[in-house]
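> Got a structure for you, questions after.
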Amino acid sequence: MVTDGEHPPVRRNPRHVLVVEDDEATATYFARALERAEYRVTTAGSAPDAIDVLVTTPIDALLVDIGLPGRSGFDLVTEIKERWPAIPIALTTADASMDVAVRALRSQVDDFLAKPVAPDQLARQVERLLQVAEARRNDAAERVLAIGAHPDDVEIGVGGILLAHRDAGDITAVLTMSRGSRGGDQGRRAEESAQAAAILGARLVLEDLEDTRIPESDPTVGIIERVIAEFQPTIVYTHTVHDVHQDHRNVHRATLVAARGVPGVYCYESPSATVDFHPARFASIEPHIDEKLDVIASYRTQTETRAYLDPELIRSTGRYWGRFGDARYCEPLEVVRDRSSSRRFARPQRATASV
């Protein structure tokens, strides 16, 4: 069933969201929440109905349920991306299991929402989708790849920066080279990684190199080269070489080889970084410090045992680096390469989402 209201004016204001959801109660809930946030909403109960709407009606963003009758939400996304590649899409599901989350984040969607979702959160995430579309229209979106040796490395080092990139409409991905078997059950850590990536709005690529034995050459270099060739990042974040953990140092060295053609390459601090870590950039994460703590809280198996994940310590560390930036909370970065072709740094008006 397809429902629709009045046809929109030529300028399509308010912006138009298509909700593809076969459960009528959920579709009504989504529609009312978004209408209260002053969006125009159309609902469709199946993939064919959704295509019918898209063929006849200009749509600004889509929310697509994974478990549609007949063709799944994944199948629908594939067709939409082929026919209307500029439309931003979020997949929704009540099954936030690791397998479902990872498959969603590895698909071509721009976001992943676990149901139930509060009305204000739903409205915020639709706004992020629309920011992605606007950035694409302006050819302004950065493609940001954050690389870490273990689950939670990226989130500790640049979690706030990635949240700022997300809110600026940039396209983000997290590449984690191992599943952290030395720190706990691999299955649980993989699930936690997917949950953290969902909050970050980032695609997750989770590899399976041996924890504590990640080499600095192949296969590490080859894996990073493959992801860079596919994702085409304009910015890469990775470990600093000034680190006592051998996996961190080796991922740093492998990244510098694999990312030799990337315009912007920056190194973040980890809890095992040494005093030789010398940052030259201090990214404001003041609007994102609380959400960064939420991201790190996804790693429940680690927060229960790792003192360096204490929220007070993470907040205090951000406050310390804020002394060197222009905000109360900052994340520090060493600069490896900062070419003028990197669009983010050429646009100071978006500095709160950059470094």
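The values are calculated or read from the model by the stated rules, or taken from the named source; none is laboratory data. Here the structure is a predicted model, which means the values were calculated and not measured. Ideal geometry is used to build each Cβ from the backbone, glycine not excepted, and the neighbour counts take in all protein chains shown. Protein only, heavy atoms only, side chains kept; ligands, DNA and RNA dropped before computing areas. Shrake-Rupley method; radii C 1.70, N 1.55, O 1.52, S 1.80 Å.
Here is a yes/no grid of residues against (1) free of Cβ contacts under 8 Å to residues at least 24 places away in the same chain; (2) part of a helix (DSSP H, G or I); (3) closer than 22 Å to Thr317 by Cβ; (4) hydroxyl-bearing (Ser, Thr, Tyr):
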| site | (1), (2), (3), (4) |
| --- | --- |
| Gly160 | no, yes, yes, no |
| Leu163 | no, yes, yes, no |
| Arg166 | no, yes, yes, no |
| Met177 | no, no, no, no |
| Gly187 | no, yes, no, no |
| Ala190 | no, yes, no, no |
| Gln195 | no, yes, no, no |
| Ile199 | no, yes, yes, no |
| Leu204 | no, no, no, no |
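> Given (1) assigned to a helix (DSSP H, G or I); (2) open to solvent by 10 Å² or more (accessible area, probe 1.4 Å), where does Val275 come up short, assuming only one miss?
Result: Val275 passes all but (1).
> Okay, moving on. Can you tell which of His252, His239, His245 is touching a Gly at 6+ places or on another chain (Cβ under 8 Å) and at pLDDT 95 or above?
None of the others qualify; the one that does is His239.
> If the requirement is being of a type outside the set (Asp, Glu), within 14 Å of the chain's Cα centre (by Cα) and crowded, with 24+ Cβ neighbours inside 10 Å, which of these qualifies: His150, His165?
Answer to the selection: His165.
> On to the next question. Looking only at the stretch 13-40, how many residues end up being touching a Ser or Thr at 6+ places or on another chain (Cβ under 9 Å) and open to solvent by less than 20 Å² (accessible area, probe 1.4 Å)?
The qualifying residues number 9.
> Would you please list the contacts, defined by Cβ atoms under 6 Å and residues six or more apart or on different chains, that run from a residue in the stretch 221-248 that is hydrophobic (A, V, I, L, M, F, W, C) to a residue that is assigned to a strand (DSSP E or B) and open to solvent by 10 Å² or more (accessible area, probe 1.4 Å)?
Listed by first residue and then by second, the contacts come to Ile223/Glu207; Val227/Val205.
> Taking Val262 as meeting all but one of (1) in a loop (DSSP other than H, G, I, E, B); (2) over 17 Å from Val144 (Cα atoms); (3) touching a strand residue (DSSP E or B) at 6+ places or on another chain (Cβ under 9 Å), write down the number of the exception.
(2)
> Hey, among the residues in the stretch 123-147 that are modelled with pLDDT of 85 or more, among the charged types (D, E, K, R) and open to solvent by 10 Å² or more (accessible area, probe 1.4 Å), which one's nearest to Asn250 (Cα to Cα)?
The qualifying residue nearest to Asn250 (Cα to Cα) is Arg143.
> Tell me, which residue of the stretch 282-304 that is open to solvent by 60 Å² or more (accessible area, probe 1.4 Å) and in contact (Cβ under 8 Å) with a residue 40 or more places away in the chain is farthest from Trp321 (Cα to Cα)?
Arg300
> Scanning the stretch 317-338 for residues that are under 13 Å from Ile156 (Cα atoms) and either touching a Pro at 6+ places or on another chain (Cβ under 7 Å) or not in a strand (DSSP E or B) (or both), which turns out most open to solvent (accessible area, probe 1.4 Å)?
The residue in question is Thr317.
> Among what's in the stretch 1-11 and is open to solvent by less than 70 Å² (accessible area, probe 1.4 Å) and part of a loop (DSSP other than H, G, I, E, B), pick the residue that is modelled with the lowest pLDDT.
Pro8
> Let me ask something else. Provide a single number: the residues in the stretch 180-221 that are touching a Gly at 6+ places or on another chain (Cβ under 8 Å) and closer than 15 Å to His245 by Cα.
Qualifying residue count, the stretch 180-221: 1.
> Here is a further query. For the stretch 253-269, how many residues meet the condition of being open to solvent by less than 30 Å² (accessible area, probe 1.4 Å) and over 17 Å from Ile214 (Cα atoms)?
Residues in the stretch 253-269 being open to solvent by less than 30 Å² (accessible area, probe 1.4 Å) and over 17 Å from Ile214 (Cα atoms): 8 in total.
> Since Phe282 meets every condition but one in (1) in a strand (DSSP E or B); (2) under 19 Å from the mean Cα position of the chain (by Cα), which condition does it not meet?
Tallying (1) in a strand (DSSP E or B); (2) under 19 Å from the mean Cα position of the chain (by Cα), Phe282 fails exactly one: (2).
> Now for a different question. Can you name the helices (runs of 4 or more DSSP H) wholly within the stretch 41-117 that have at least 3 residues being open to solvent by less than 20 Å² (accessible area, probe 1.4 Å) and modelled with pLDDT of 85 or more?
47-56, 73-83
> Right, next: Out of Asp208, Asp218, I need the residue that is closer than 20 Å to Glu155 by Cα and of a type in the set (D, E, K, R). Which one?
Every option except Asp208 fails the conditions.
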